[in-house]
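Please read the structure below before turning to the comments.
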Amino acid sequence: MYEETTIAAIATAPGEGGIGIIRLSGAAATDVADRLFHTKKIPSFHEAQPYHMYFGHVVRNGQPVDEGLAVYMKAPHSYTGEDVVELQIHGSMEALRQTLELALENGAVMAHRGEFTKRAFLNGRLDLSQAEAVMDIIEAKGSAALSQAESHLSGALSGFVRHCRSQLKDLIGKLEVTIDYPEEDLEDLTNEEIRHSLAEIQTSLAALLKRSEQGRIIKDGLRTAIVGRPNAGKSSLLNALLQEERAIVTDIPGTTRDTIEESIKIGGVPLVLMDTAGIRETDNTIERIGIERAKESMEKADLIMAVIDGSEPLSKEDKELLTSLKGRKALVILNKYDLPQELDAKDVQDLAGHIPVVPISARYGSGMEELEEELHRITDHQDAMAGRELFLTNLRHVDLVKKSLAAVERAQESLAEAMPADCITVDLTEAWQTMGEITGDSIDNELINTIFERFCVGK
């Protein structure tokens, strides 16, 4: 199929812009380009010098649609590994629509979601983890996520998988020797080697899996619950951080009854802020549901920002909240710093332990710079290590590493219990095949199609 069809799509985002790109890929890409793009520089794209830009016009029935530039990328040295022509015209949606129509009228077919990257994978230009990294780059919410996705695209994860699979294959080979030649005195030596190698693989997989939570934070952001009793200033804090009036602020306790989610970026890591209902005893059914959701947000949060009204003595709810922060990643905001203060950092830390305390006035914006500095310190590790250390940011990869690790640990148990070599081989083969699913070395077509369906058209 891929050798017979030439696909086309608009490769730039929807909407108006300075430049819009139509991408053609396939054996007939140059023929299709010849029929719709006319340039005086060359008689045909078959004679074009690869990677050089040619000025010309998109022409329909002898009439110009738009002017622009065209570039030819010769197989296999293109993104897809096929002949590719890209037409770069003005970013007019109408001009792009007409140019795409011309491409389809002149022999191309409409590309499916992710089909350009899928062809790159099928033609060996990228493995599956690198192809998924392309979409991660497009969806990156911060510089840390972008750095990590670029690292995966450059082959950091692929290299880890290849090394792990090579170790597993070597072990399988050694075990098969003991199965095929039982009369040879190889077992003791081989078992010791296998025990050592299995421990090395188990350690590396477990360490990578342990870092997967950091990978999720890099990609999706730090889930940050803003909690406190009613009228402590939670919604005012959210608005101050966002620098917009996102949440309703009144003097009436219980105004916020549902969880509001918004994102901000601190350094290179996004924070997913969750403004929750004020925690207190209440008979109001709707407010009580909101309070339960606030407690659930606290449980799921990577970071808790507890907002305390510093102008009043600690209430029962304040004390319970502060006590619950022990052992959690948290910071306390002493709000209403513009009023006479009844509390200081020591009062808070006596209950919550040694956690950061930042005095602010959310209403007037004072102390916000100090708060952002503290948040930056909290996200600094993920920001600094992204792209330098290997993190798993894709849930599919996390699941496959978990399964591979479980298979390796079963093999360790079998070896310790002196089980037959073929029992150990079964588990090691499962781990080898499962790791191969990360890069696409061992994966079925249906799953490949499912992965690429989440891509955008034109990529």
Does the stretch 39-57 contain any residue that is on the phi < 0 side of the Ramachandran plot, in a helix (DSSP H, G or I) and surrounded by 14 or more Cβ atoms within 10 Å (Cβ to Cβ)? yes
Can you name every residue in the stretch 1-28 that is among the hydrophobic types (A, V, I, L, M, F, W, C) and touching a residue at least 60 places away in the same chain (Cβ under 8 Å)? ILE7, ALA8, ALA9, ILE10, ALA11, ILE19, ILE21, ILE22, LEU24, ALA28
Please indicate, with yes or no, whether at least one residue in the stretch 119-136 is in contact with a strand residue (DSSP E or B) (Cβ under 6 Å, 6 or more places away or on another chain) and either in a loop (DSSP other than H, G, I, E, B) or without any contact (Cβ under 8 Å) to a residue 24 or more places away in the chain (or both). no
Conditions (1) surrounded by 14 or more Cβ atoms within 10 Å (Cβ to Cβ); (2) more than 16 Å from GLN202 (Cα to Cα); (3) in contact (Cβ under 8 Å) with a residue 24 or more places away in the chain; number of the one not met by TYR364: (1)
For the stretch 83-100, which residues satisfy the criterion of being part of a helix (DSSP H, G or I) and within 14 Å of ALA11 (Cα to Cα)? MET93, ALA95, LEU96, ARG97, THR99, LEU100
Looking only at residues that are assigned to a loop (DSSP other than H, G, I, E, B) and exposed (fewer than 15 other Cβ atoms within 10 Å of the Cβ) in the stretch 373-418, which one is modelled with the lowest pLDDT? ARG388
From ILE424, ILE448, ILE438, grab the single residue that is part of a helix (DSSP H, G or I) and either touching a Phe, Trp or Tyr at 6+ places or on another chain (Cβ under 8 Å) or outside the structural domain of ILE138 (by TED's automatic domain parsing) (or both). ILE448
Quick one: ALA199 ticks every box in (1) at pLDDT 90 or above; (2) buried (at least 16 other Cβ atoms within 10 Å of the Cβ) except a single one, so which number is it? (2)
Filter result for LEU186 (hydrophobic (A, V, I, L, M, F, W, C) and either at pLDDT 95 or above or in contact with an Asp or Glu (Cβ under 9 Å, 6 or more places away or on another chain) (or both)): no
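Residue-by-condition table, conditions (1) buried (at least 22 other Cβ atoms within 10 Å of the Cβ); (2) outside any helix (DSSP H, G or I); (3) modelled with pLDDT under 85:
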residue: LEU205; (1), (2), (3): yes, no, no
residue: GLU213; (1), (2), (3): no, no, yes
residue: ASP251; (1), (2), (3): no, yes, yes
residue: GLY254; (1), (2), (3): no, yes, yes
residue: ARG257; (1), (2), (3): no, yes, yes
residue: ILE264; (1), (2), (3): no, yes, yes
residue: MET274; (1), (2), (3): yes, yes, yes
residue: ASP283; (1), (2), (3): no, yes, yes
Within the stretch 6-25, residues being in a loop (DSSP other than H, G, I, E, B) and either modelled with pLDDT of 95 or more or not assigned by TED's automatic domain parsing to the domain that holds VAL85 (or both) number 1
Name the residue that is farthest from VAL161 (Cα to Cα), counting only residues in the stretch 419-447 that are at pLDDT 90 or above and among the acidic types (Asp, Glu). ASP427
Of the residues in the stretch 294-316, those that are assigned to a helix (DSSP H, G or I) and buried (at least 17 other Cβ atoms within 10 Å of the Cβ) number 3
Residue match in the stretch 315-333 (condition: in contact with an Asp or Glu (Cβ under 7 Å, 6 or more places away or on another chain) and either of a type in the set (Val, Ile, Thr) or in contact (Cβ under 8 Å) with a residue 60 or more places away in the chain (or both)): no
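The values are calculated or read from the model by the stated rules, or taken from the named source; none is laboratory data. Everything quoted here is computed from the prediction, not taken from an experiment. A quick note on method: Cβ atoms are made from the backbone with ideal geometry, for glycine too, and the neighbour counts reach across all protein chains shown.
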